[in-house]
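The values are calculated or read from the model by the stated rules, or taken from the named source; none is laboratory data. Small disclaimer: the values here were computed from a predicted structure and weren't measured. Counting neighbours? That spans all protein chains shown, and the Cβs are built from the backbone with ideal geometry, glycine included.
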Amino acid sequence: MCLGIPGEIAEILPDHPDLAMVDISGVRRAINIGLLDREDLAPGDWVLIHVGFALSKIDEEEAAAALDFLNSIGDPYEDEIAALRESTIDQG
């Protein structure tokens, strides 16, 4: 299953402006935000993420609705978050 998962930007990485630390359901990961270079992204903004890339900026209400839906599907979402917790991402 392919999921677009909402995440909240915690910080834009100063040495890599195309990367942001994003909180995804309690898991923090570096996410590529290069596709959104024309957006004015800042900590606190929400983005829709797929395979390590932010695809679009979304508002908090849309993020909450997406998270409610993802939580309602149960195991597939939990499996995705568990895999994310176990993964590592090289920022170098």
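What the table shows:
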item	result
Condition broken by ARG29, with the remaining ones in (1) in contact with a Gly (Cβ under 9 Å, 6 or more places away or on another chain); (2) charged (D, E, K, R); (3) surrounded by fewer than 14 Cβ atoms within 10 Å (Cβ to Cβ) satisfied	(3)
Contacts under 8 angstrom Cβ, first residue in the stretch 26-41 being more than 13 Å from HIS16 (Cβ to Cβ) and free of Cβ contacts under 8 Å to residues at least 12 places away in the same chain, partner among the hydroxyl-bearing types (Ser, Thr, Tyr) and part of a loop (DSSP other than H, G, I, E, B), 6 or more apart	none
Selected residue (criterion: modelled with the highest pLDDT) from residues of the stretch 1-45 that are of a type in the set (Asp, Glu) and part of a loop (DSSP other than H, G, I, E, B)	ASP45
Test: residue in the stretch 64-76 that is assigned to a strand (DSSP E or B), modelled with pLDDT of 90 or more and within 15 Å of the chain's Cα centre (by Cα)	no
Matching residues, the stretch 12-22, being surrounded by 13 or more Cβ atoms within 10 Å (Cβ to Cβ) and of a type outside the set (A, V, I, L, M, F, W, C)	HIS16, ASP18
Members of the stretch 46-63 that are of a type outside the set (A, V, I, L, M, F, W, C) and either under 15 Å from ASP18 (Cα atoms) or not in a loop (DSSP other than H, G, I, E, B) (or both)	HIS50, GLY52, SER56, LYS57, GLU60, GLU61, GLU62
Qualifying residue in the stretch 79-90 (condition: assigned to a loop (DSSP other than H, G, I, E, B), of a type outside the set (Lys, Arg), surrounded by fewer than 14 Cβ atoms within 10 Å (Cβ to Cβ) and in contact (Cβ under 8 Å) with a residue 24 or more places away in the chain)	yes
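Yes/no per residue for (1) under 29 Å from GLY74 (Cα atoms); (2) under 9 Å from the mean Cα position of the chain (by Cα):
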| site | (1), (2) |
| --- | --- |
| ILE5 | yes, yes |
| GLU8 | yes, yes |
| MET21 | yes, yes |
| GLU39 | no, no |
| ALA42 | no, no |
| ASP45 | yes, no |
| SER56 | yes, no |
